[in-house]
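The structure under discussion appears below in the form of structure tokens.
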Amino acid sequence: MISTLQSRMLRGADGDAAPRLAYGADYNPEQWPRDVWEEDVRLMQEAGVTVVSVGIFSWARIQPGPDTWDFGWLDEVMDLLHAGGIGVDLATATASPPPWLTTAHPEILPVTANGETLWPGARQHWRPTSPVFREHALRLVREIAGRYKDHPALVAWHVSNELGCHNVYDYSDDAARAFRLWLRARYGTLDALNHAWGTAFWSQRYSDWEQILPPRLAASHPNPTQQLDFKRFSSDALKDHLVAEREILREITPGVPVTTNFMVMGGTKGMNYPDWAGEIDFVSNDHYVHPGPQDRDELSFSANLVSGIASGRPWFLMEHSTSAVNWQSVNVAKRPGDLARDSLLHVAHGADAVCFFQWRQSAAGAEKYHSAMVPHAGADSDLFRAVADLGAKLKALAPVAGSEREAAAVGILYDWESWWASEQDSHPTSLLDYRQEALDWYSALLALGVRADLVTTGADLSRHQVLVAPVLHMVPAGLAKDLTRYAEQGGHLVITYFSGVVDENDHVWLGGYPGALRDLLGIRIEEFGPLLAGESVELDDSTRGTLWTDRITVADGATDVLAHYRSGVHAGRPAVTRRSTGDGSASYVSTRLGVDGLRSLLPRLLEPAGVSSELPSQARGSVELTVRRGPEGRFLFLVNRTDETVRVPGFDGEVLLGARDAEGSLVLGPREVVVLRRPAV
Ligand code: GLA
Ligand code: GLA
């Protein structure tokens, strides 16, 4: 179950230790005098740290000039860490180009849609398509890989850092050139491009490839397919950079796994990670909590989605925070218990490593108010004690390492192309939020205590009895076929508003919405009915809809109406429908019901599949359940979502983490996590 590559991360480069969950942080020793390094290693041992990511922002230190190299300090850091029994996830250090490079080659700096240059002074100021940047970055990768290829501390390679965090969209002349090449490869001929982009509209017909530009600041709405292709291209351009670095690493160290840290979290959508996942040896993710009413649901949702991107295999939590960050408008400290609960929630969803940004809180620089494992107050602090306590908990969970996600009855389809396409401009509403809609379905399922897996397009849908596809806006013919087959073969598909509307070129499927899924759903919509902000309509099952309504006509008596509109212009017409097809069914929800509304509707949508909560009634909503499975057993994670103690009766199994009361019920203190092991079946 554990691949050789993962094994290196879980057992250390020597491979002799028993597998365990990895624990650690980004480690930036270059910010500190030499005498702090010894203390760092000692405290890492005290905290149970097993791995650190080193060198992420060290380019200027490693290569102080075009032809000068300074590896002495890094040699020493690598040796010290190895002597302390700590593995190194070594960065390729290409994330932030040094001043000498941007001074000599300002043509590597990214340009915004408005034509503004992003100047050096922060980080990640490089064009993904700059040949000059690429050449310098790859030279650095080759030097570092050559130097440390046999170092016993090396357990993995960390390519760049959060590719696309600040530079995903670059509109420079380099980008324009690369975009044209990408378009030639996609379309072959200008005729095909003109068709796909619908350039008959607004006199946009291209007669030469050189006329094509990125969607720079324009007089009105830029061509939608041009915008969409620019998103696809921009994600591919960064992927191409990832692959270029990886190729050098694989050539020099074929036995060392390569990763790069994804950013699956609220607000990040430029990188098509499901498409990148196959390019690396294991998936890593960074996640930061955005405080708010659904913040821990969002954490669970993101971790779950990473697991989907990793096809259910274990992944690495490469960064999160021990407490506050520095980049939100108000940076809230975590409450007692949050640090462990947040970390273990990632483990519950398949993380085999829990790492933080960063090891020691910086005294200077933009992130000096960002928390770390060793805070400004030093090791004599509640925070460091909580860090060491989490290290001990992760040790107790060693048998979990390498186990995979056990499929849940419910899947939620998360489709990157629909995400991109549904939120473009000049649509029926600008208020649509793809990720929020998916998160609301997830929150409603959590509230009902029903386990659900986030899955990405292309995954095996047949693993789930129920598949919810919120705002599946872009449905190419092949996907429509897959969904139809899914329902005919016994799956219960649930689709929402603004789904099945366009094909892969963002051309509308004609003849009545949702063109691609009209027959499957047994409905026809002649006109959309988006609602103004603050407006809502009532349904006859007492739920309320916002954002969107549809004027639905059902095809025939084989389409059941589960709820009608009670108010608004569509009063009396269908709002939620279901049509049986083959052994399964296809349901349509035409409005945005929000978490409470979905919670009330969902039991009716789950019922034909016979799906309900696996938790006893008193734990539903207050406890989140996840299941991982591996050679060492089936692992049940029960996460207390509340600030109260919750008791869960009737759950047998060996308690790896947590406690039972005298009656045998599991006792989950506020925000606590219990982990059970049952025999592998
Ligand atoms: C203006 C323009 C039209 C069209 C409409 C859309 O009137 O002249 O071409 O764009 O707006 O409302
Ligand atoms: C990102 C980066 C880190 C750091 C953190 C702060 O995740 O990768 O270098 O800036 O954000 O939250």
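Give me the percent of the accessible area of the chain that comes from carbon and sulfur atoms, probe 1.4 Å, all protein chains in place.
On the way: 12740 of 25250 Å².
Whole-percent figure for carbon plus sulfur exposure: 50.
What is the count of Lys pairs in the chain whose alpha carbons sit under 25 Å apart, if the two are 8 or more places apart or on different chains? Before the final figure, lay out each step's value.
Values: LYS149/LYS239; LYS231/LYS239; LYS231/LYS269; LYS239/LYS269; LYS334/LYS368; LYS334/LYS393; LYS334/LYS395.
Lysine pairs, 8 or more places apart or on different chains, close enough: 7.
Once the stretch 73-217 is represented by equal point scatterers at the alpha-carbon sites, with solvent omitted, what log10 I(q)/I(0) does the Debye formula produce at q = 0.21 Å⁻¹?
-1.21
Please say if the stretch 410-609 is rounded, prolate or oblate, where rounded means a/c under 1.5 for a ≥ b ≥ c the square roots of the C-alpha gyration tensor eigenvalues, and otherwise the choice is prolate for a/b larger than b/c and oblate otherwise?
Numbers: a/c = 1.20, a/b = 1.10, b/c = 1.09.
Judged from the Cα gyration tensor, the stretch 410-609 comes out rounded (a/c under 1.5).
Mind grabbing the base-10 log of I(q)/I(0) for the stretch 230-330 at q = 0.12, 0.14, 0.21 Å⁻¹? Debye formula, identical points on the C-alpha positions, no solvent, two decimal places.
The computed values of log10 I(q)/I(0) come out as -0.45, -0.60, -1.14.
Given Cα pairs under 8 Å that are at least 6 residues apart, what percent is the relative contact order of the stretch 617-678?
Values: 134 pairs, mean separation 21.9, N = 62.
So the answer I get is 35 percent.
Taking θ as phi - 60°, what are the ³J(HN,Hα) couplings along the stretch 550-557 by the Karplus curve (6.51, -1.76, 1.60), each to the nearest whole Hz, with x for Gly and Pro?
Couplings: 10, 8, 9, 10, 7, 5, 6, x Hz.
Using the Kirkwood radius over C-alpha pairs as Rh, can you work out the diffusion coefficient of the stretch 617-678 via Stokes-Einstein at 20 °C, viscosity 1.002 mPa s, in µm² per second? Present the calculation step by step, with values, prior to reporting the outcome.
Values: Rh = 11.6 Å.
Using the Kirkwood radius from Cα pairs, D works out to 185 µm²/s.
Would you mind classifying the stretch 151-300 by shape? Square roots of the alpha carbon gyration tensor eigenvalues, ordered a ≥ b ≥ c; an a/c under 1.5 is rounded, otherwise it is prolate if a/b is larger than b/c and oblate if not. Don't skip to the answer; put the middle values down first.
Details: a/c = 2.94, a/b = 1.54, b/c = 1.91.
Oblate is the answer for the stretch 151-300, as a/c is 1.5 or above yet b/c matches or exceeds a/b.
For the stretch 617-678, build the charge dipole from Cβ charges (+1 Lys, Arg; -1 Asp, Glu) around the Cα centre, then report which of VAL646, LEU625, ALA662 sits farthest towards its positive end.
Value: LEU625.
Highest first, please rank the peptides 473-483, 70-80 by the mean number of other Cβ atoms sitting within 10 Å of their residues.
473-483, 70-80
In nm, to one decimal, how far is the SER567 label point from the ASP643 one, both placed 7 Å along Cα→Cβ?
3.3 nm
Quick one, what does Rg over Rh come out to for the stretch 113-175 if you take C-alpha atoms and the Kirkwood Rh? Can you show the working numbers first?
Values: Rg = 14.7 Å, Rh = 13.8 Å.
That ratio equals 1.07.
Order 583-590, 513-520, 423-430, 324-331 from most to least packed using the mean count of other Cβ atoms within 10 Å. Let's see the in-between values first.
Values: 583-590: 24.0, 513-520: 22.4, 423-430: 13.8, 324-331: 11.9.
Top of the packing list down: 583-590, 513-520, 423-430, 324-331.
Rank by packing, highest mean first: peptides 82-91, 114-123, with packing defined as the count of other Cβ atoms within 10 Å averaged across residues.
Working: 82-91: 21.6, 114-123: 12.4.
Final packing ranking: 82-91, 114-123.
Express in nm, to one decimal, how much length is gained between HIS290 and LEU213 on full extension, taking 0.36 nm for each residue of separation and deducting their alpha carbon distance. Spell out each step's value before the answer.
Values: separation 77, 0.36 × 77 = 27.72 nm, distance 3.57 nm.
Taking HIS290 through LEU213 to full extension adds about 24.1 nm, to one decimal.
Once you order the gyration tensor axes a ≥ b ≥ c over the Cα atoms, which shape class does the stretch 345-483 get: rounded for a/c under 1.5, otherwise prolate or oblate by comparing a/b with b/c? The partial results should precede the final answer.
Details: a/c = 2.99, a/b = 1.67, b/c = 1.79.
Cα axes put the stretch 345-483 in the oblate bin.
What dipole magnitude, in Debye to the nearest 20, does the stretch 308-447 give about its Cα centre under +1 on Lys/Arg Cβ and -1 on Asp/Glu Cβ?
Using only the charged Cβ atoms, the result is roughly 700 debye.
Taking a quarter of the surface of the Cα convex hull of the chain, what do you get in nm²?
Working: hull surface 121.6 nm².
Mean projected area of the Cα convex hull: 30.4 nm².
Using only the Cα atoms of the stretch 412-514, what are the Rg and Dmax in Å?
13.6, 40
The values are calculated or read from the model by the stated rules, or taken from the named source; none is laboratory data. Everything numeric in this text was worked out from a predicted model, so none of it was measured. Glycine also receives a Cβ, built like all others from the backbone with ideal geometry; neighbour counts cover every protein chain displayed. Side chains are part of the model used for accessible areas, which takes the heavy atoms of the whole protein and leaves out ligands, DNA and RNA. Shrake-Rupley method; radii C 1.70, N 1.55, O 1.52, S 1.80 Å.
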